[in-house]
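Bear in mind these aren't lab numbers, they're just calculated from the coordinates by the rules spelled out. If you're wondering where the values come from, they're calculated on a predicted model, not measured in any experiment. Cβ atoms come from the backbone with ideal geometry, glycine included; neighbour counts cover every protein chain shown.
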Amino acid sequence: MIKENPKTDMEVQLSTTLFFFLTTTFLLASATAGHFFPPTSDDTDYIRTSCESTRYPQTCFKSLSGYSATIRHDPNRLAQVSIHVALSNATHMANYVSNISRRADSGNTSESAALDDCSSVFGDAVDEIRRSQKEMKRLGLTGESVKFQLSNVQTWMSAALTNEETCTDGFEEVADGGVKADVCHRVVTVKEVTSNALALVNSYADKISA
């Protein structure tokens, strides 16, 4: 009989993040103060136009268009929702890599090492995106300048993207195979939504500075 391993500190943290993510999803859905306002084509067009400033506009529109009734034409909400989407994707990826890392063939040392490193850097990425999300919710409420707070968000989102890229970089010396292909394929989408979130935060910061 295989005994279930006790949860590590990172797994506990990721579980907490998932709970926080689900709570945030509910709050985003309730952002219109208890009233549902169906999205309009104008709302959708706003997201499509905003996504053109990102590196992956198709991924951007696909991941954010479902929130158009919440976002409306508000660049702050657009940035917040994009971070929320990035956190969701990064959290799921972190959980996935953590699980397969525990089941990895210990005889394949290069693959096992790459998975361990990927699990570690994705844990960091989740933490950095979570910090960004919290900072966006506190804009203008801490006594610090909004510009300074946004610079924090930009720094953390950039660091999260770097960590996600580090995951795939770690597989460069690993022989091609199912695990490598699967992980690298999954990371692509996570990197795209994180990159897009950073671009939308940058765009919002430019509007604040103007």
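Between the listed residues F171, N108, Y96, the Cα displaced farthest toward the positive end of the dipole of segment 75-209, a dipole computed from Cβ unit charges relative to the Cα centre, is found at Y96.
Using θ = phi - 60° in the Karplus curve 6.51 cos²θ - 1.76 cosθ + 1.60, the 3J(HN,Hα) couplings for segment 137-147 round to 6, 9, 4, x, 10, 10, x, 8, 5, 4, 4 Hz; x is entered for Gly and Pro.
Legend: ranking of residues F171, F148, F122, F61 from fewest to most surrounding C-beta atoms inside 10 Å; resulting order F148, F61, F171, F122. Put in line by how crowded their Cβ is, counting other Cβ atoms within 10 Å and starting with the fewest, E135, E164 read E135, E164.
Taking other C-beta atoms within 10 angstrom as a stand-in for reagent exposure, T49, T59, T54, T166 fall in the order T49, T166, T59, T54, fewest first.
Computed from the Cβ-Cβ distance with R0 of 35 Å, the FRET efficiency linking T142 to K62 stands at 0.55. The trypsin sites (Lys or Arg not before Pro) of segment 126-210 meeting both criteria, a DSSP state outside H, G, I, E and B (loop) and at most 15 other C-beta atoms within 10 angstrom of the site's C-beta, are R138.
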